[in-house]
Structure formats: C-alpha cells, structure tokens
Amino acid sequence: MNEYMSVSNYTKKESEQSLSMLKSISKSAMKELLFDVKNRGYDETEVNLNIEKVISREDVIINVLHNRVSLNKIRNIGNWEKGFDAGYPYWERGETARKNGKVDEAIALFDKARYNGYDAPALYDSYAKAYRKIKDYDNEILILDEGIMRRTRHYVGTLEARRDKAIKLLFAKQEAERIAKEKSDFLKANKKEDAISEPSKRRGRQIIQMTDDGTIIKEFDTIASAVKEVGVNSKSIRDAANGVQKHAGGYCWKYKD
C-alpha cells in the first residue's frame, strides 16, 4: 500500500479515499456484504464450466391448493368418446380464456373438462401452461404427474420434459426464498447483536462543544467523534475540558457528566 501511495499524488489520494470508505462501513453493513458474497450465484460462464446441477423431484417440496376432484370422482372415466364429447367444449373455452390472459377462468374450465372425462394430452399441456403463467409450479408438477400417469402414448415425453422444467423452476424459486429467509434472519440477529453491543461502543465521556458565551454548538458521544468532525486533536479537547487551557480549535469544551 505504501509503495502504491508513493507513485503519485493521484495514487495517494485514491488510497486515502479507499481507506476512508472502508472505515465508514459499519459492522452490520460489512456482515451483510459478506453474507451476500457467500450466497451469490455464479453463472457458469463466469467460471468457464459447462456443468449443470441435476435437479430431481426429491429436491423440491410440493405445497398445493386446488379445486380439482380426485380421479375416482371423474365422470365418463371408462368411456373416452363420451368423456371427450362432454369435456372438450370446456377445454376449448378454457384454452381461449388462457390465450386471452384469463388464467384463473381457464383453470376453472380445465377442471370442468377434466371432471367430465376429457383427458387428452392437450388438456394437461394447457393446464401446465396456465400454471406456468402464474408461476404456480407446484400445481403444474402435480397435474403433469397425473397426465403422465394417465397417458401411454408418445406424448408422455413432452409432458415429462415440461415437468422437468417446472421442477427446476420450483427449485430455483424455493432456493431464492430460502436464501432470502436466511438473510432476513441473519440481519435480524445481527441487528439484535448490534443493539446489545451498542452501549459498549461508547468509550470515554460525552463532550460538549460551546462558544465563549456558553452556547452549545454540538454534543458528541466521545472525544474521538468530536476529533473526527471538528478536526482538533484529542489532547487539546481534553485539556480544554479539564481547564488546562481555555480553547481547543477556537471552541470551549466541557464534559457532559
């Protein structure tokens, strides 16, 4: 550092500013900064690696609320043609609503199509797209589970690919929530710790800066804080407060207690 400062006036000024900035960072801010660095997610291009973490169903927690009836209560479940005729109109209306951005209405219509026995792959694809739109990955995964379980034709591969993507998105969402909670808990604990240790930060006596006629200019928690703001050395302030000299930096000084 000394060698760098001696290169030129510019490098000296730059170094002094850097040191001043570091000194101004509070203990709490420094802890928060370190926490963010610890939990920072690095893009694979930053480390020049092409390795992707394998996310499985076991890595996520499914929490869902929905109004779908159980499979054993679905009508026409043993008659595909009858189920198609009864349920398809609801799916068609739901798909129109979904494309127009009316996701809640679309899901309700898909529920009716499903209840009436419509179980074409298109239904589960539409369900998944609707849930993806509102970032309800939990319900997206569950409805795709059902679609995969009920289908035996080649379309299953498309549903599985969509489910795998939903699992990754849910994992990323839950990871972000976990980190946010950890940070919140960390900051709360840190704030409590700082509050407890605050009294111990004050070292020395409180000092008052005054004019000659006794008008108070400012009160400081410590002589050190007065030195930092007024620019007078600490010995001069102490001597003025103790009556050894009248002024320090052109001001009168006295201890508060």
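The values are calculated or read from the model by the stated rules, or taken from the named source; none is laboratory data. Note that the coordinates shown come from a computational prediction; the quantities given were computed from them, not determined experimentally. Reconstructed Cβ throughout: ideal geometry from the backbone, glycine too, with neighbour counts over all protein chains shown. Quick note on the areas: whole protein, heavy atoms, side chains included, nothing else; ligands and nucleic acids left out. Shrake-Rupley method; radii C 1.70, N 1.55, O 1.52, S 1.80 Å.
Brief remarks on what is shown
- The calculated FRET efficiency for the pair Ala108 and Asp85, based on their C-beta separation and a Förster distance of 30 Å, comes to about 0.90.
- Overall shape: oblate for the range 59-111, with the ratio a/c of the largest to smallest alpha carbon gyration tensor axis at 1.5 or above and b/c at least equal to a/b.
- Accessible surface, per residue, of the range 104-180 when the full set of protein chains is kept, probe 1.4 Å, Å²: 44 Å²
- Fully extending the segment from Val69 to Lys133 would add 20.8 nm, taking 0.36 nm per residue of separation and subtracting the current Cα-Cα distance.
- If you plug the beta carbon distance of Asn100 and Ile61 into 1/(1 + (r/R0)^6) with R0 = 30 Å, you get a FRET efficiency near 0.40.
- Volume per residue for the range 148-189 equals 44 cubic angstrom (convex hull of Cα atoms).
- Amide H contacts under 5 Å for Tyr251, placed H, 5+ residues apart: none
- Spin-label zone in the range 219-245 - amide nitrogen under 15 Å from a point set 7 Å from the Cα of Lys256 along the C-beta vector: 219-227
- The Rg/Rh ratio of the range 68-179, with Rg taken over Cα atoms and Rh as the Kirkwood radius over Cα pairs, comes to 1.00.
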